[in-house]
Amino acid sequence: MKVLGIDIGASGVKGAIVDTETGTLLSERLRLETPAKSTPGAVAKTVKELTGLLRWKDGVIGVGFPAIVKRGTALSAANIDKSWIGASITDELSRSTNCPVIALNDADAAGIAAMEFGGGKGEDGVVMFLTIGSGIGSALFYDGELVPNTELGHLHFAGMVAEHYASNNARKKFDLSWEEWGTRFNNYLKHIDRLFTPDLVLLGGGVSKKYEKYEQYFNVKMNVRPAELKNDAGIIGAAFYAQKKMQRRKFK
Ligand code: BGC
């Protein structure tokens, strides 16, 4: 089935039409800047523009959103305008695009794609997907089933919120070398290991493409590796999840 997948992030709104059977992109992948003041109205306008550019009409849209998402509503806003808290993502975006919208947390979306089509395929036990970008997003799976909205970038760690210590933004903000940042991320991974004992940790987000620059600074016992789908994971996972949700609704 064809579904439009959209990944809303702190700096960019990315989208493409996805074949949800194979997890491949059926259109080019477009990226628009996230509005500087990323209020519901402004983001809805950007999503409408992206939908128009991809000539998407009436069909289902799956949206990954950088916050806690419950029943289509944002319940937090660490990396997006605070006015989203309590706002319905699905209502805002279906009104602006005239399409049915299903929303979920962005890391959950990217994690789902990694489990279905990427490095997590066929992996059971406890799998932790961590996406490293402006923040740190997490998706936790047990035998392939997602536990949504885990928010492990917000663990308090080393005297601060973990994503302020070890995200890619933190690397840039504190001007950390790969060794310094890799050591910080390793400390964070050790904490994750102590709390969850994952069988596998998959790393996603832009910085996972540069894995060879910092993997030598990791000395955790658990199995850690990049998630493979890189930048498209959020788009593919959002589309895949939306298709599954719609199917379930049809049979209810
Ligand atoms: C948010 C998460 C999100 C992550 C990555 C965090 O600041 O709280 O919901 O998944 O950033 O965008």
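Tabulated values for the structure
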quantity	calculated
Top-ranked residue in the stretch 15-30 [being in a loop (DSSP other than H, G, I, E, B) and on the phi < 0 side of the Ramachandran plot; ranked as least open to solvent (accessible area, probe 1.4 Å)]	Thr20
Hits in the stretch 156-175 (condition: closer than 17 Å to Lys190 by Cα, aliphatic (A, V, I, L, M) and part of a helix (DSSP H, G or I))	Ala162, Ala166
Failed condition for Gly133, given (1) crowded, with 24+ Cβ neighbours inside 10 Å; (2) of a type in the set (Gly, Ala, Ser); (3) at pLDDT 95 or above	(3)
Subset of the stretch 41-71 [out of contact with any Pro (no Cβ under 6 Å at 6 or more places or on another chain) and either outside the structural domain of Lys245 (by TED's automatic domain parsing) or over 14 Å from Ile6 (Cβ atoms) (or both)]	Gly41, Arg55, Lys57, Asp58, Ala67, Ile68, Lys70, Arg71
Selection within the stretch 141-161 - modelled with pLDDT of 95 or more and either at positive phi or small (Gly, Ala, Ser) (or both)	Asp143, Gly144, Asn149, Glu151, Gly153
Candidate set from the stretch 160-188 (those that are more than 16 Å from the ligand (Cβ to nearest atom) and of a type in the set (A, V, I, L, M, F, W, C)); member that is surrounded by the most Cβ atoms within 10 Å (Cβ to Cβ)	Trp181
Residue match in the stretch 105-113 (condition: away from the ligand (no atom under 16 Å from the Cβ) and either assigned to a strand (DSSP E or B) or surrounded by fewer than 22 Cβ atoms within 10 Å (Cβ to Cβ) (or both))	no
Lone unmet requirement of (1) in contact with a strand residue (DSSP E or B) (Cβ under 7 Å, 6 or more places away or on another chain); (2) assigned to a helix (DSSP H, G or I); (3) open to solvent by 10 Å² or more (accessible area, probe 1.4 Å) for Gln216	(1)
Residue selected from the stretch 1-14 under the condition more than 16 Å from the ligand (Cβ to nearest atom) and crowded, with 21+ Cβ neighbours inside 10 Å, by the criterion nearest to Gln247 (Cα to Cα)	Val3
One residue from Arg95, Arg31 being under 18 Å from the mean Cα position of the chain (by Cα) and assigned by TED's automatic domain parsing to the domain that holds Ala238	Arg31
Filtered residues of the stretch 114-143 (kept if more than 10 Å from the ligand (Cβ to nearest atom) and in a strand (DSSP E or B))	Val126, Val127, Met128, Phe129, Leu140, Phe141, Tyr142
Of residues in the stretch 59-86 being away from the ligand (no atom under 11 Å from the Cβ) and assigned to a loop (DSSP other than H, G, I, E, B), the one most open to solvent (accessible area, probe 1.4 Å)	Arg71
First in the stretch 166-195 and farther than 19 Å from Met222 by Cβ and acidic (Asp, Glu), second anywhere and open to solvent by 40 Å² or more (accessible area, probe 1.4 Å) and in a helix (DSSP H, G or I), Cβ under 8 Å, 6 or more apart	Glu179/Tyr217
Matching residues in the stretch 31-43 - criterion: being hydrophobic (A, V, I, L, M, F, W, C) and buried (at least 18 other Cβ atoms within 10 Å of the Cβ)	Val43
Yes/no for Gly153 being touching an Asp or Glu at 6+ places or on another chain (Cβ under 6 Å), within 16 Å of the ligand (Cβ to nearest atom) and outside any loop (DSSP other than H, G, I, E, B)	yes
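The values are calculated or read from the model by the stated rules, or taken from the named source; none is laboratory data. As the structure is a computational prediction, the values presented were derived from the model and not from experiment. When we count neighbours, we look across all protein chains shown, and the Cβ atoms used for this are built from the backbone with ideal geometry, even at glycine. With ligands, DNA and RNA removed, areas are computed over all heavy atoms of the protein, side chains included. Shrake-Rupley method; radii C 1.70, N 1.55, O 1.52, S 1.80 Å.
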